[in-house]
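**Student:** Below are the structure tokens for one structure; questions will follow.
The values are calculated or read from the model by the stated rules, or taken from the named source; none is laboratory data. Bear in mind the structure is a predicted one, so any value in this text is a computation, not a measurement. Methodologically, a virtual Cβ is constructed for each residue, glycine included, from the backbone with ideal geometry; neighbour enumeration extends over all protein chains shown.
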Amino acid sequence: MSIFQTNRFVRFLRNYGPIPTNDNLFDEVIQRTLLRERIAPITLPVQFRDEILANLKSADPVSEILTGTAGDGKTYCCRSVWLACGGSETEWNGKSTVKTVSFDGRELIVIKDLSELAAEVSAPLLTRMAECVTSSDATTLFLVAANHGQLLEKLKATPKSAATIAMTQAVEATLVGDAVAPGVRLSLRDMSQAPAADMIGRVIEAMTNHPDWAQCEGCQAAGAGKCPIQENRDRIRGLADGDLLHRRLRALIMLSEQNGVHFPVRQLLMLAANLILGHPDCRDGLMTCADVPELAIKGTFDRASVFRNIFGENLPARRTEKIDLFRKLNAFGIGSEASRRVDNVLVYGADDPALAAAYGELVLNDPIYGGTSSYRRGQQDYLEGADTDARDEFLKMLRVQRQRVFFTLPDDRAEALSLWDLTIFRSGGLFLQVADLLAAKKTLPRNVLPVQVRGLNRIFTGMLLQTHDDLVLATSGSYSQSKTSPLLDEMISVPRKGGQKVELVANDTGGMVLEVRLSRGDDPGPIRLPLTPTRFEFLVRVSDGALPSSFSLECHEDLLAFKAKLLTATERERFLAADGDDETADDELVLQFIELDGEGQAAVRRVTVRL
């Protein structure tokens, strides 16, 4: 007789997933659930905790504001600081949003969530806080958690006084990156600035290595391939692939962040839970221990594929589209985008001797989510010209296999099989490689900067230039954003020459910036273009011959705006360099037209116009 067990932790974990009542995503509810279910908490690193405690316990402390987007862990951080300052767990779990604790002869007032307070409650609290932060008295300190918008809204609704105005101005200045004004004893920390690409590994580790997984010991389904919950847990732990899935997932999140897309910790917890428990045939698309025997009888373990769950495909399409997390990940188009080399292996590998080795490695070596009997049967039907329904069903399976291959293709095969062609960011891998090299101050591959410069030249001129040793700055005779610009304004040397230089440099967020230096004398600093993955991809495609509007009209407009900045800067340089040695007659105008030579390089033809 089979012995199936129920793990309370799995039931608890399910509530982190994308279900209507995902209460476990709120710190206020977690503690009560843990006590009721007798489960150890999922412990994550607390961003800013040590810094805040060091400040509060210093000789000259200041009040703290924690801001960010919903789900960044502000309340979780406040709770950790509260406990470290001597506050009790019981009092924290009470209904009040405002907590007070005494420590080291000081009073700490903690506001767990400013947005929960009505105006008549928040106004006097913020007024008192303003009086404290604008005085020299450090005996009363505040720790406030507030979302970006709510923080400013509450501050502006507070009755005006010299203290509240000073605190509001200090907060506004800090939010845009300026320093807090002297005389305001306040520190503002933005939790949305923490890189989610680093946090996802910690979330996965905390969830998959939780001590309550020990409850599965002795379960009949706990063996390899017998329980999809344990199978998915093992997959994301990286026991068999050397953490490959985790690294590829981290790469996607990093690219998203470089494009300005933020993943709060709450969404990372949801993602990790969905990876482990996702299955479209279960209630709310998430498995429990009780579902495993029935799934075994139906033979549908393969539908629990962790690779589908990354994109929320265990949920109905209408639900996936409404969940911000999955909209962000599905923006990469993985599954819909195709790599011809990968598709050849997935479709023809079983019958083509030349592809047999790759087919065995990429498909047959994974009998649970890869070379399943249903996939091989659908593949055969497709190749034999099955009816439309069977063909459509196989194409759905092919989509899932592309997703799986993206997260399992070994690094040493990635370039040969064009791994990143499985995403809309075909240069995504190159972007990450360049960002890492820049951060480490190492030499870049030779073709990287030339490709970016060639793409810029084609956008700046509207011509299929091959030039990459100079940045060709051209106009159409005015400062309009014309698509074709035949009149040369300046040829800016890419290698350092006469004060000019074009280079890629690292930025503070792990990405890169393209810098153009023009100065021949007094250096005003470089003109900078942040290269997001989207802009990087755009320039690569334009360099390869794509039309600018075929990928991103927004990118095209951004780069024309960058061109306008360069035109202004070159005009300034010429004005500063003017020394009266202009040999052009007063009744003449010299125009420089850009032409293409036989190799596609920019050539200049001077035309003198008599006025």
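**Student:** Could you tell me whether region 86-97 includes any residue that is modelled with pLDDT of 90 or more, in a loop (DSSP other than H, G, I, E, B) and surrounded by 21 or more Cβ atoms within 10 Å (Cβ to Cβ)?
**Tutor:** no
**Student:** Looking only at region 68-107, filter to residues that are among the β-branched types (Val, Ile, Thr) and within 35 Å of the chain's Cα centre (by Cα); which one of those is farthest from Tyr16 (Cα to Cα)? Walk me through how you get there before you give the answer.
**Tutor:** Kept after step one, since they are among the β-branched types (Val, Ile, Thr), are these residues of region 68-107: 69, 75, 81, 90, 97-98, 100-101.
Subset that is within 35 Å of the chain's Cα centre (by Cα): 69, 75, 81, 97-98.
On the way: Thr69: 18, Thr75: 17, Val81: 24, Thr97: 23, Val98: 26 Å.
It comes out as Val98.
**Student:** Moving to a separate point now. Determine if region 265-278 includes at least one residue that is buried (at least 19 other Cβ atoms within 10 Å of the Cβ), touching a residue at least 60 places away in the same chain (Cβ under 8 Å) and more than 23 Å from the chain's Cα centre (by Cα).
**Tutor:** There is at least one residue in region 265-278 that is buried (at least 19 other Cβ atoms within 10 Å of the Cβ), touching a residue at least 60 places away in the same chain (Cβ under 8 Å) and more than 23 Å from the chain's Cα centre (by Cα).
**Student:** Got a number for residues in region 206-233 being of a type in the set (D, E, K, R) and without any contact (Cβ under 8 Å) to a residue 24 or more places away in the chain?
**Tutor:** Selection size over region 206-233: 1.
**Student:** Val505 is checked against (1) touching a Gly at 6+ places or on another chain (Cβ under 8 Å); (2) in contact (Cβ under 8 Å) with a residue 60 or more places away in the chain; (3) surrounded by fewer than 15 Cβ atoms within 10 Å (Cβ to Cβ) and fails just one. What number does that condition carry?
**Tutor:** (1)
**Student:** Identify, please: which residue in region 317-333 is within 16 Å of Leu286 (Cβ to Cβ) and more than 18 Å from the chain's Cα centre (by Cα) and is, among those, surrounded by the most Cβ atoms within 10 Å (Cβ to Cβ)?
**Tutor:** Per the criteria, the residue is Thr320.
**Student:** Gly378 is checked against (1) free of Cβ contacts under 8 Å to residues at least 24 places away in the same chain; (2) surrounded by fewer than 20 Cβ atoms within 10 Å (Cβ to Cβ); (3) not β-branched (Val, Ile, Thr) and fails just one. What number does that condition carry?
**Tutor:** Among (1) free of Cβ contacts under 8 Å to residues at least 24 places away in the same chain; (2) surrounded by fewer than 20 Cβ atoms within 10 Å (Cβ to Cβ); (3) not β-branched (Val, Ile, Thr), the lone unmet condition for Gly378 is (2).
**Student:** Does Asn314 count as touching a Phe, Trp or Tyr at 6+ places or on another chain (Cβ under 6 Å), free of Cβ contacts under 8 Å to residues at least 60 places away in the same chain and either surrounded by 19 or more Cβ atoms within 10 Å (Cβ to Cβ) or not small (Gly, Ala, Ser) (or both)?
**Tutor:** Here the answer is no, as Asn314 does not meet what is asked.
**Student:** Sticking with this structure for a sec: Can you pull out the residues in region 240-258 that are among the acidic types (Asp, Glu) and modelled with pLDDT of 95 or more?
**Tutor:** Glu257
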